[in-house]
1. Between residue 45 and residue 76, what length comes free when the chain is fully extended (0.36 nm per residue of separation minus the Cα-Cα distance, one decimal in nm)?
2. Please give the calculated 222 nm ellipticity per residue for the chain, where each DSSP H segment of at least 4 residues contributes -39500 (n - 2.57) and the sum is spread over every residue; nearest 500 deg cm²/dmol?
3. Run down the aspartates and glutamates and flag those whose C-alpha is under 12 Å from the C-alpha of residue 26, throwing out any fewer than 8 positions away in its chain.
4. Report the calculated FRET efficiency for residue 187 and residue 229 (r = Cβ-Cβ distance, R0 = 22 Å), to the nearest 0.05.
5. Name the residues whose placed amide hydrogens come within less than 5 Å of the amide hydrogen of residue 256, ignoring near sequence neighbours (fewer than 5 apart) on the same chain.
6. Send over the semi-axes of the stretch 100-244's equivalent ellipsoid, whole angstrom and largest first, taken as the square roots of 5 times the C-alpha gyration tensor eigenvalues.
7. Each label point is 7 Å from the Cα along the Cα-to-Cβ direction; what then is the distance between the points at residue 106 and residue 250, in nm?
8. What dipole magnitude, in Debye to the nearest 20, does the chain give about its Cα centre under +1 on Lys/Arg Cβ and -1 on Asp/Glu Cβ?
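The values are calculated or read from the model by the stated rules, or taken from the named source; none is laboratory data. Model, not experiment: these values are computed from the prediction. Here the Cβ positions follow ideal geometry from the backbone for every residue, glycine too, while neighbour counts run over all protein chains shown. To get the accessible areas, we keep the full protein, side chains included, count just its heavy atoms, and leave off ligands, DNA and RNA. Shrake-Rupley method; radii C 1.70, N 1.55, O 1.52, S 1.80 Å.
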Amino acid sequence: TAGNLPESSCKPLSGLKDAIGGDNVKVIVADDYEIMSREAAKIVAAEIRKKPDSVFALPTGGTPLGLYAGLIRMHKEEGLDFSRVSTFNLDEYIGLPDGHESSYSFYMYDRFFNHVNVSRDKIHIPRGLAKDPEEEAATYEWAIKRAGGIDFAVLGIGRNGHIGFNEPKTEFGSLTRPIYLAKRTIEANARFFDGDPDSVPRQAISMGIRTIMNARKVILLASGPEKSRAINQTIHGPVTEMVPSSVLQLHPDCTFFLGRDAA
Ligand code: PGA
């Protein structure tokens with residue numbers, strides 16, 4: 001695991017306090033949320049410059065807001081070009097009305113897509129209003145394959161170690177499918193629904209663990225002390241379906257970008 005890797009393989013990035021890791025898993029600790037977001041944005045931008053038609057998996061939630069703001073700035077000030085990039089969101093709630101302000105579709109356009117030149121026909125978000133969510137999920141998984149697979153997955157993490165909406169006990173072999181949210185996730189996400197847990201949908205469509213693990217490169221962002229337990233279990237604990245994010249210890253190219261408070 002990352003915790004057992006020799007320090008001699010450290011490769012600190014500028015402006016960051018520490019980096020540990022070996023060939024596959026790297027852990028980078030930033031002093032604060034701004035630095036974490038800025039450094040993550042640089043890594044995403046480097047990927048786009050290296051491969052302009054990269055296929056990304058993208059998260060929502062509070063954590064990636066700084067990353068998206070950084071990418072928008074790089075688009076406006078440095079001409080970072082998203083025109084050939086494809087995106088697949090990790091998940092979407094089932095059943096929210098079209099245009100609902102707490103839907104992940106609304107979030108993505110409002111916080112990111114409307115401010116950069118991503119081609120609209122290269123944006124993919126599971127349709128939470130699809131008549132048949134099973135079929136929608138299978139079609140989504142197929143669309144990822146047809147796009148050539150995910151080059152670069154950006155992840156957040158839940159307090160219970162979920163990635164995407166893959167809650168504890170999700171099978172590592174899972175693909176995109178409809179899921180039920182864990183109680184803790186409903187409580188944590190109530191803040192996006194005027195603080196009312198009863199307004200949070202109970203179901204979502206989420207990429208599976210295997211879908212995420214098939215990505216060629218993964219970065220996971222976490223900040224805030226409420227994430228530190230999950231991060232500790234993810235990096236230093238056993239690889240177990242009880243902590244879905246722990247599977248990333250097995251990914252061939254995974255970097256954790258952590259705020260010091262989450263680390
Ligand atoms: P957050 O959500 O960034 O809003 O904390 C992360 C997640 O639940 O995956």
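1. 9.9 nm
2. -8500 deg cm²/dmol
3. Partners found: 7, 18, 253.
4. 0.90
5. 26, 27, 28, 220
6. In descending order the semi-axes read 23, 20, 16 Å.
7. 3.8 nm
8. Dipole of the chain, to the nearest 20 debye: 540 debye.
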